[in-house]
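The values are calculated or read from the model by the stated rules, or taken from the named source; none is laboratory data. Keep in mind the model is a prediction, meaning the values are calculated, not measured. Note that we place each Cβ from the backbone using ideal geometry, even for glycine, and neighbour counts take in every protein chain shown. Accessible surface is based on the protein model in full, side chains and every heavy atom, while ligands, DNA and RNA are left aside. Shrake-Rupley method; radii C 1.70, N 1.55, O 1.52, S 1.80 Å.
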Amino acid sequence: GSGAQHWTTMRQLEGDGDKTWVTTDGATTKSACGCESGTRFDAESGSCVECNTEGMECPGMGEVLLLPGYYSAVNLSVFRCRNTLRCPGGVPGDTCAGGREGVACSSCAIGMVSKRTGECEPCGPQSRLPFVASCVCAVLGCIGLYVVFERSDQTQPSYVSLLIAISVGLLIGMMQQLSVLGMLDVDYPEPLRTFLRIVKIFSFDVEEFLSLQCVGNLSAIALFSSKVSMIAFFAVLTMAIHAVIVITRHGWRFKERKPVLISMLGALGTAFYTSITVTVLQPFQCVLNPNGKWTVSEYEGMVCWSPAEDPDHGAMVAVALVAFILPVSVLASTIILVRRLPAALRNTDLDFLRAFGFLFFRFRPQMHWYLLVILFRSFFVGVVPVVPSATGQIYLLQIAMVASLAVAVQMRPWRVSWLNRLDVVFGSMILQLLLVASLVNEASAQHAEIVGWFCLLAVLLAASMPIVVVLFNMLRRGGEVMKSYQFYLCHSKAESGAFARWLKLELLDRPQVSKAVFLDSDSLEPVHKLLGYVAHDVDTFVVLGTKSVYYKVWCVGEMCMARKQSVPTVIVALPGYAALGAEE
């Protein structure tokens with residue numbers, strides 16, 4: 001019958017602790033007849049069939065073994081596991097590490113918690129300590145961060161505070177991108193694989209770190225819901241801290257202190273935008289298994305798009321669709337606020353600037369829109385793991401990072417020049433790792449490990465650069481407020497245009513002038529940007545006093561902005577100039 005050509009006679013040899021099937025000529029007993037090596041017995045057809053399923057090994061005589069990293073019940077429906085520690089391989093139905101159970105050995109038995117070795121151990125009194133300690137640290141961290149936002153002036157940040165804030169933001173952004181790389185279906189070499197598994201905490205993959213199974217017996221949908229709730233928890237915690245501080249220290253003046261709350265919530269939302277997006281989309285991140293079924297990448301025991309087999313996936317998708325409103329609303333709100341900024345500057349809307357200054361003042365005035373580039377990139381990176389192909393994921397991430405890197409190099413958006421270089425270094429590092437991800441499967445095991453070490457050292461070096469940059473600049477600049485222009489020349493072109501040009505050239509020739517001198521004739525910008533320069537990017541505002549300077553609308557607007565923002569002002573009185581009287 002079918003498969004008869006695969007029947008043979010074999011006997012088992014034992015040596016060095018291993019048992020091996022070898023073919024023999026003829027047999028004296030029925031037990032010596034069976035399927036040849038590379039085939040297995042199929043009970044349904046009653047014959048030997050090819051053993052060509054990924055992750056399955058058939059040494060002979062109908063024996064079936066699973067390779068490390070794969071799981072199957074006795075029905076030989078093979079799933080891929082998250083790692084070889086959870087699924088060390090063996091006989092189907094008995095391939096999970098100690099204490100593990102479920103599809104793909106994805107969960108620990110009730111009352112047990114995962115160990116670093118992949119096995120599970122009983123929960124002890126100390127098992128809940130990571131969860132309790134994390135909650136305490138979260139509360140203290142939020143209080144400390146709130147105090148920082150309360151004491152900082154978003155409209156006039158010092159050089160060092162700006163440097164630290166942007167450096168930390170860039171570092172957090174890189175770590176989130178690394179956590180996304182760790183989600184790709186790529187077999188990274190050690191020790192890079194372990195490092196990427198650790199940084200996945202930046203995408204809220206903390207259930208094993210916090211030993212949540214010892215806090216409560218949580219299903220996959222409960223774990224996912226707890227991740228989504230974590231985002232809401234920090235928002236509610238921030239609002240509670242805000243309420244307590246306003247009541248106890250500011251006499252219930254909630255309206256006056258509202259900009260602090262908005263700044264902190266907005267800064268957290270934009271800083272962790274990639275993590276928020278990738279987390280809420282986890283139910284859509286499905287991977288294909290050798291048995292043809294799709295399972296959720298982060299919850300291997302949950303089968304995708306099969307209500308009959310796993311109805312919980314539908315509930316998880318519903319939670320995700322509701323939570324997806326958050327990243328979409330953050331992006332839409334930012335677009336609206338960027339469009340409102342010019343009007344806020346024209347109207348000197350200080351409440352708007354204090355509340356939403358975190359969105360704009362880390363960038364050069366003409367690059368106030370650059371946050372949209374960062375958010376669109378973060379959104380795109382967060383969506384990429386949904387693509388059901390490792391090759392497609394790597395390709396799309398390369399497109400996003402190359403485009404982002406090109407814009408950063410061309411635009412130099414950050415107000416601190418050192419941070420433009422740091423941004424380029426971080427982007428180049430992610431591109432390097434994407435190149436490694438695309439080539440790692442072609443490398444030998446020995447060479448792959450060497451590549452893994454080099455990549456890890458390069459990542460750690462890049463991650464340490466913000467510390468070096470901050471310390472270096474602290475020694476140089478201290479608490480100086482970072483501004484691009486040492487002088488801003490306000491003048492009437494008809495009366496003092498030539499003099500303004502001569503004055504700029506003279507100033508630039510002086511060794512005491514270490515920054516740029518702004519002359520609007522050299523930078524044809526919209527008026528709202530000019531007002532932004534005056535308000536936040538000028539050390540000294542210089543008015544070239546002529547007969548009609550107080551009758552020029554834009555000159556008056558610049559003078560009003562300088563007065564509002566307490567910018568040091570100098571009047572150069574030229575022939576015909578008359579100072580305004582008190583009544584004027």
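Axis of helix 312-323 versus longest Cα principal axis of the chain: the two differ by about 0°, to the nearest ten degrees. The C-alpha atoms of the chain define a longest principal axis, and helix 527-536 lies at about 90 degrees to it. Where both bridge residues fall in the chain, DSSP classifies roughly 70% of the beta bridges as antiparallel.
Y577 sits with roughly 50 Å² accessible to a 1.4 Å probe, with DNA, RNA and ligands left out of the calculation. Straight-line cross-link reach from K564 at under 29 Å between alpha-carbon atoms covers these lysines, not counting any fewer than eight positions away in the same chain: K255, K258, K483, K493, K504, K515, K529, K547, K552. Note on L439 and A232: the model spin-label points, each 7 Å out from Cα along the C-beta direction, lie 4.7 nm apart. Computed from label points 7 Å out along Cα-Cβ, the spacing between T540 and L218 is 5.9 nm.
With each label modelled as a point 7 angstrom along the Cα→C-beta vector, the K564-A133 pair spans 5.0 nm.
On a per residue basis, the chain carries 49 Å² of accessible surface, using protein heavy atoms and a 1.4 Å probe. The residues F254, F79, F379, sorted by heavy-atom accessible surface at 1.4 Å with ligands and nucleic acids left out, run F254, F379, F79 from largest to smallest.
The listed residues D185, D94, once ranked by accessible area (1.4 Å probe) with the largest placed first, stand as D94, D185. Straightening the chain between D94 and R197 buys 34.5 nm, computed as 0.36 nm per residue apart minus the Cα-Cα spacing. In the chain, helices alone account for a calculated mean residue ellipticity at 222 nm of -16500 deg cm²/dmol, with every DSSP H run of four or more residues adding -39,500 (n - 2.57). Remark: accessible surface ordering of T546, T117 (largest first) is T117, T546, probe radius 1.4 Å. Seen against the Cα atoms of the chain and their longest principal axis, helix 493-509 is set at about 60 degrees.
Computed over protein heavy atoms with a 1.4 Å probe, the carbon and sulfur contribution to the accessible area of the chain reaches 62%.
Checking Cβ-Cβ separations below 4.7 Å across the chain identifies C33, C135, C137, C142, C455, C490, C555, C560 as cysteines lacking any candidate disulfide partner. Ordering 356-367, 162-173 by mean Cβ neighbour count within 10 Å, with the highest value first, yields 356-367, 162-173.
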